[in-house]
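Here the structure is laid out as structure tokens; the discussion comes afterwards.
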Amino acid sequence: MYGLQYFNSRWFGPGRIDRGFRSYQALLTMHIWFLHKRLIGDQEDPHQAALIQEELFDIFWTDSTNRMRAHGVNELLINKNLKTVQQYTFMHLFHYDHCYTELLDSPRDRLDELKNLVLTHILLLNPDDQKALDLHEDHAERIAWYIEAQYQNIVHDLPDSFYRKARIAWVDLPDFSNLKDGSGRILEEIPIDSDDILPKNWLRNIANDGTYYYWNEKTRKSQWERPR
């Protein structure tokens, strides 16, 4: 149900988002929040929506645990680290809730707060480092507009016939070309990493032990070796 948007390699090349665990977690958190908002707004069958939402978060925490294993976290420390991950993930989710409840009728203020959210939770910048914040102003604004478009798309515009079949039609990623730094200078573009490029229909997935395998969404074939 996550869709492919979270796995899109443009986040990490042209989008300049760190490949570390926490930034990866933040991208997944963002897209899960959109689905969460659609589910809690379901008036046709709220009981079923609540069950799906519970399952969604169960899958999320399982995925988080598997990725901790992939990063080499000792098995004895998994549960302790998961609690820490859940704490900052919920803070991230609550930040979205604030933007779309308290600031729902204040578009300009909401955009500013979304930029703060991006800088804090996704780009992981120190709020006291004004130079870094200024450097990523354009970067954060583009992602903030993506959040605005995605919220409208998933919560309001996604056809109910798609939603009932768990078919998620995401809007496209931001255009990261010609990003500007704090002084207005256009930054050199970063290409997509060749390691992120897979043949058509192939996706990378993670097993319970933290190892990665490859899965073809068309043929349903899975394998450990990277497809060529």
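Inside region 75-88, residues that are over 22 Å from Pro127 (Cβ atoms) and open to solvent by 100 Å² or more (accessible area, probe 1.4 Å) make up a count of 5. Met91 falls short on exactly one of the conditions (1) within 16 Å of the chain's Cα centre (by Cα); (2) open to solvent by less than 30 Å² (accessible area, probe 1.4 Å); (3) of a type outside the set (Asp, Glu), and that condition is (2).
Cβ separations smaller than 6 Å between residues 6+ apart or across chains give the following pairs from region 202-228 residues that are touching a residue at least 40 places away in the same chain (Cβ under 8 Å) to residues that are open to solvent by 90 Å² or more (accessible area, probe 1.4 Å) and not aliphatic (A, V, I, L, M): Tyr212/Arg204. For region 178-186, the count of residues that are more than 21 Å from the chain's Cα centre (by Cα), farther than 20 Å from Pro14 by Cβ and modelled with pLDDT of 90 or more is nonzero. If you filter region 184-208 down to residues that are farther than 28 Å from His71 by Cβ and assigned to a loop (DSSP other than H, G, I, E, B), you find that the one that is most open to solvent (accessible area, probe 1.4 Å) is Lys200. Taken across region 25-42, residues that are open to solvent by 70 Å² or more (accessible area, probe 1.4 Å) and in contact (Cβ under 8 Å) with a residue 40 or more places away in the chain do not occur at all. Checking each residue in region 134-164 for being at pLDDT 95 or above and over 18 Å from Phe34 (Cβ atoms) picks out His136, Glu137, Asp138, His139, Ala140, Glu141. Sub-9 Å Cβ pairs linking a first residue in region 49-75 that is in contact (Cβ under 8 Å) with a residue 40 or more places away in the chain and acidic (Asp, Glu) to a second residue that is surrounded by 17 or more Cβ atoms within 10 Å (Cβ to Cβ) and in a helix (DSSP H, G or I), at least 6 apart or interchain, are Asp63/Leu28, ordered by first then second residue. Looking across region 94-106 at every residue that is in a helix (DSSP H, G or I) and open to solvent by 70 Å² or more (accessible area, probe 1.4 Å), the one that is nearest to Gln152 (Cα to Cα) is identified as His98. Per the listing Ile186, Ile154, Ile147, the residue uniquely of a type in the set (A, V, I, L, M, F, W, C) and in contact with a Cys (Cβ under 9 Å, 6 or more places away or on another chain) is Ile147.
Check Leu114, Leu124, Leu119, Leu135 and return the single one that is touching a helix residue (DSSP H, G or I) at 6+ places or on another chain (Cβ under 8 Å) and closer than 20 Å to Arg185 by Cβ.
Leu119
The values are calculated or read from the model by the stated rules, or taken from the named source; none is laboratory data. Bear in mind that the values here come from a model prediction, so they are computed numbers and not experimental data. For neighbour counting, all protein chains shown are included, and Cβ atoms are generated from backbone atoms with ideal geometry for every residue, glycine included. All accessible areas refer to the heavy atoms of the entire protein, side chains included, with ligands and DNA or RNA removed. Shrake-Rupley method; radii C 1.70, N 1.55, O 1.52, S 1.80 Å.
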